[in-house]
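The values are calculated or read from the model by the stated rules, or taken from the named source; none is laboratory data. All values reported here derive from a predicted model rather than from experimental measurement. Methodologically, a virtual Cβ is constructed for each residue, glycine included, from the backbone with ideal geometry; neighbour enumeration extends over all protein chains shown. Heavy atoms of the whole protein, side chains included, go into the accessibility calculation; ligands, DNA and RNA do not. Shrake-Rupley method; radii C 1.70, N 1.55, O 1.52, S 1.80 Å.
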Amino acid sequence: MTQAIQDSLNLDIRPEASLDDFRSSSYRPILDAVDKLVQGSLRELFIVGASGFGKTHLASAIYEHYISMTSKMVISLNLTELIEQDPHATALVGLEMFDLIIVDDLQMVRHSYEWQEGLFHLINRIREHQKQILYLADDPARELQIGLLDLHTRLSLAPMLTLPDNDDINDRRILLEVILKKKNWKLPEEIFEYLLEEGPRNAGDINTVLDHIRPLLTRLSRVQIPKKTITEAKQIILHETFMLEISDNADSNF
């Protein structure tokens, strides 16, 4: 296995990822399912979530949690990177030696029939050896446009859960607090509340907006924040959120 392929497996898992980042009540069904994976009572799980809503971060957190709780062997595959680097799906050979295989960005398998065949045979070997597999994708199995019907059937049999859409303001508050904590930032309360109410709903877009207001934050005084700065920050939040919404709508209509 080449170094490039290895780098797309579990070597890029970030140790700071934690299930504590998903502590809102809307994540309870997913956390309960993760507990069942750890206990061994759940063999397969399919998690669905739109781009930017934290699937890869969740995959990293599950990876860390599973290892810490079981001391078993886990491997994580990111198909966005891996399929391009390994067009013949050689990275899938022998993965049944791992206790849990995490497959992130599963939707990318639609672009490669060889990967569809390789994944189908891997699932069969996982079942034969009574191992576990976790899928994360943008869409449910029935909407993945997979040409290999046998693989479509296999994936459809896995229990499916959907990531929260963060329409609940309490979910967004926890998400924003987690993002800021990881950045070691503290937003002025008025900007925080405005971003919470008027900003994006997913982690990826929230980070994009924060990057745009970062120059303002670095100039903020700890004692007094000029009203002009707060107004400018709000304008940036509103504008960038609007532009992200336009971009998302354009992508969905493509």
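Screening segment 149-163 for residues that are surrounded by 18 or more Cβ atoms within 10 Å (Cβ to Cβ) and free of Cβ contacts under 8 Å to residues at least 60 places away in the same chain and picking the one that is nearest to H65 (Cα to Cα) gives R154. Can you tell me which residue in segment 71-94 is nearest to K131 (Cα to Cα), limited to those that are touching a helix residue (DSSP H, G or I) at 6+ places or on another chain (Cβ under 6 Å) and without any contact (Cβ under 8 Å) to a residue 40 or more places away in the chain? For segment 71-94, the residue satisfying everything is L92.
Rundown of residues vs (1) in contact with a Gly (Cβ under 6 Å, 6 or more places away or on another chain); (2) touching a residue at least 60 places away in the same chain (Cβ under 8 Å); (3) more than 22 Å from N166 (Cβ to Cβ), yes/no style:
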site	(1), (2), (3)
L31	no, no, no
V34	no, no, no
L37	no, yes, yes
R43	no, yes, yes
V48	no, yes, no
F53	no, yes, no
T56	no, yes, no
M69	no, no, yes
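What's the total number of residues in segment 170-189 that are farther than 30 Å from A33 by Cβ and loosely packed, with under 14 Cβ neighbours inside 10 Å?
Number satisfying all stated conditions: 4.
List the helices (runs of 4 or more DSSP H) that sit entirely inside segment 86-203 and contain at least 2 residues that are within 19 Å of the chain's Cα centre (by Cα). Reasoning before the result, please.
Values: elements: 113-128, 149-156, 169-183, 189-198.
Answer list for segment 86-203: 169-183.
When D167 is tested against the conditions (1) in contact (Cβ under 8 Å) with a residue 24 or more places away in the chain; (2) open to solvent by 80 Å² or more (accessible area, probe 1.4 Å); (3) in contact with a helix residue (DSSP H, G or I) (Cβ under 8 Å, 6 or more places away or on another chain), the lone failure is (3).
Of all residues in segment 87-136 being among the acidic types (D, E) and more than 15 Å from R43 (Cβ to Cβ), which is least open to solvent (accessible area, probe 1.4 Å)? Filtering segment 87-136 for residues that are among the acidic types (D, E) and more than 15 Å from R43 (Cβ to Cβ), the one least open to solvent (accessible area, probe 1.4 Å) comes out as D104.
The set of residues in segment 43-57 being open to solvent by less than 30 Å² (accessible area, probe 1.4 Å) and either at pLDDT 95 or above or among the polar types (S, T, N, Q) (or both) consists of E44, L45, F46, I47, V48.
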